[in-house]
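The values are calculated or read from the model by the stated rules, or taken from the named source; none is laboratory data. Here the structure is a predicted model, which means the values were calculated and not measured. Using ideal geometry, Cβ is built from the backbone for each residue, glycine included, and neighbour counts are taken over all protein chains shown.
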Amino acid sequence: MSKVFIGNREYFPGISQIKFEGNSSDNPLAFKCYDAKRMVGTKSMRDHLRFAICYWHNFCNDGSDIFGPGTQIHPWNEKSDPLAAAEDKLDAAFEFFTKLDVPFYCFHDVDLAPDGANVAQGESYLRHMVDLAKVRQQATGVQLLWGTANVFSNPRYMNGASTNPNFDVVAHAGAQVKRSLDATVALGGENYVFWGGREGYACLFNTDTRRELEHMGQFLTMARDYGRSIGFRGTFLIEPKPMEPMYHQYDVDAQTVIGFLRQYGLDNDFKLNIEANHATLSGHSFAHELQMSADAGLLGSIDANRGNAQNGWDTDQFPTDLHDTVQAMLVVLASGGLKSGGLNFDAKLRRESTSLEDMFLAHIGGMDCFARGLLAAHSILEKSSLAQNKKDRYSSFDEGPGAIFEAGGLTLTELRDHAEVIGEPELVSGRQESIENMINDHLFRA
Ligand code: XUL
Ligand code: CO
């Protein structure tokens, strides 16, 4: 591709297409491991990893936090007219996507277009931006991994969106989800995400939790039905998170969400979008949350980032921990791959990282980190005895009374009688240290 920007202006001058240069390269603006076309097993790295860039952290935020204003100056943010600024932002975004050569991107409705002064204006702004995005998708081949609605920033959502105690607010959330579903379908989005940003509570004693959860089930059912009625054939995703911004959020973790989806009969249409930093906020590991989702057949997609081990907040840092990515890719590969999901970098630059080049460096690092994780995980699954050892560990359930127990054919009394007959079982090592050493060995072979 000779020209990797769309409009008349280049927003990242001096940075050309990021290329794979291999492990020996010292060029910070090159991939050391991510080689899109390289085959790993039967699929290319590009198809295994299905990287996506998020709109919000890169093009909408400027480093501001609760203690001070933004530190990052963005050339796409110069115009005072919000629609004109949104158009510049779109061009900058597609230049960035193509220079990094990622296959996908993700957005909230209000990332792409200004919110508008009322429902109709918001819909019309979004339709305008969707038309422009469609042209840019066609010109570059970049596709939409998922769309979503931001139903947590506007002050009206301070007490939640679908779980708000005021029905009129629930209606506004409906309007935003409807326009976001329309946008996602118009752009061929493969998934549609619900992150329950303020679906929860700050005070248990002014909250009817039973009623709020029923409203959430009802709302998601309506969204599912509307999406299907306009031809959305992709996957709906729920992104668990236990807290931040609320003290308690209903979508605490994967197992809570799986139970909720089954209770409301939504588990044929919905899967989970697991975010690494949300997993650690809920007191679990990233790999644990992926495994729980995979076990339920509901692993949909991933928001790739990491937290900070010392403070535990949702710091949304770029993934750099190889252990995290190997463990994640072990679960992903063993469960059959990402299918229609992807690896969306829901990660932001540190407030102190103020150059536009930092955006590239952060994504290059994250992509290489997952590529290395992919290679190590593939090597472990191909060459080590990990899977066989796990299978062997449960072999007492493969035949005899164990198999009858699994099939539901034993009573508690028969279980007791078996214990009496066999006496004290022998202690069998779980060999955890051997597994941990083996993962490290494969990491440095990858
Ligand atoms: C917030 C978060 C969101 C969702 C989309 O913690 O992860 O950006 O991914 O609303
Ligand atoms: Co996220």
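Go over the candidates 118, 154, 191 one by one and state the one that is buried (at least 16 other Cβ atoms within 10 Å of the Cβ) and in the same structural domain as residue 299 (by TED's automatic domain parsing).
On inspection, the qualifying residue turns out to be 191.
Condition check ((1) modelled with pLDDT of 95 or more; (2) away from ligand 1 (no atom under 11 Å from the Cβ); (3) not in a helix (DSSP H, G or I)) across all residues:
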{"site": "197", "(1), (2), (3)": "no, no, yes"}
{"site": "211", "(1), (2), (3)": "yes, yes, no"}
{"site": "218", "(1), (2), (3)": "yes, yes, no"}
{"site": "222", "(1), (2), (3)": "yes, yes, no"}
{"site": "231", "(1), (2), (3)": "yes, yes, yes"}
{"site": "246", "(1), (2), (3)": "yes, yes, yes"}
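Check off (1) within 16 Å of ligand 2 (Cβ to nearest atom); (2) assigned to a helix (DSSP H, G or I); (3) of a type in the set (Val, Ile, Thr) for residue 170 and give me the number that stays unchecked.
Every listed condition holds for residue 170 apart from (1).
Regarding segment 76-86, can at least one residue be identified that is farther than 27 Å from residue 234 by Cα, more than 24 Å from the chain's Cα centre (by Cα) and in contact (Cβ under 8 Å) with a residue 60 or more places away in the chain? Write out each step before concluding.
To start, the set of residues in segment 76-86 that are farther than 27 Å from residue 234 by Cα comprises 76-85.
If we keep only those that are more than 24 Å from the chain's Cα centre (by Cα) as well, we get 76-85.
Going one step further and asking which of them are in contact (Cβ under 8 Å) with a residue 60 or more places away in the chain, we end up with 76.
The answer is yes; a qualifying residue exists.
If you go through segment 283-306, how many residues are closer than 16 Å to residue 336 by Cβ and within 13 Å of ligand 1 (Cβ to nearest atom)?
So the answer is 3.
Could you grab me the full set of residues in segment 376-392 that are surrounded by fewer than 21 Cβ atoms within 10 Å (Cβ to Cβ) and of a type in the set (A, V, I, L, M, F, W, C)?
Once the filter is applied, which keeps residues that are surrounded by fewer than 21 Cβ atoms within 10 Å (Cβ to Cβ) and of a type in the set (A, V, I, L, M, F, W, C), segment 376-392 yields 381, 386, 387.
Evaluate the following for residue 294: is it buried (at least 17 other Cβ atoms within 10 Å of the Cβ), more than 16 Å from ligand 2 (Cβ to nearest atom), at pLDDT 95 or above and under 15 Å from the mean Cα position of the chain (by Cα)?
Considered against the rule, which asks whether it is buried (at least 17 other Cβ atoms within 10 Å of the Cβ), more than 16 Å from ligand 2 (Cβ to nearest atom), at pLDDT 95 or above and under 15 Å from the mean Cα position of the chain (by Cα), residue 294 comes out as yes.
Only one of these is away from ligand 1 (no atom under 15 Å from the Cβ) and of a type outside the set (Asp, Glu): 315, 280, 256. Name it.
Exactly one residue qualifies, and that residue is 256.
Only one residue in 59, 20, 67 is without any contact (Cβ under 8 Å) to a residue 40 or more places away in the chain, crowded, with 18+ Cβ neighbours inside 10 Å and not small (Gly, Ala, Ser). Which one? Please lay out each step first, then the result.
Details: 59 fails: without any contact (Cβ under 8 Å) to a residue 40 or more places away in the chain; 67 fails: crowded, with 18+ Cβ neighbours inside 10 Å.
After applying the criteria, what remains is 20.
This table checks each residue for (1) assigned by TED's automatic domain parsing to the domain that holds residue 332; (2) in contact with a Leu (Cβ under 7 Å, 6 or more places away or on another chain).
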{"residue": "9", "(1), (2)": "no, no"}
{"residue": "12", "(1), (2)": "no, yes"}
{"residue": "37", "(1), (2)": "yes, no"}
{"residue": "42", "(1), (2)": "yes, no"}
{"residue": "47", "(1), (2)": "yes, no"}
{"residue": "52", "(1), (2)": "yes, yes"}
{"residue": "55", "(1), (2)": "yes, yes"}
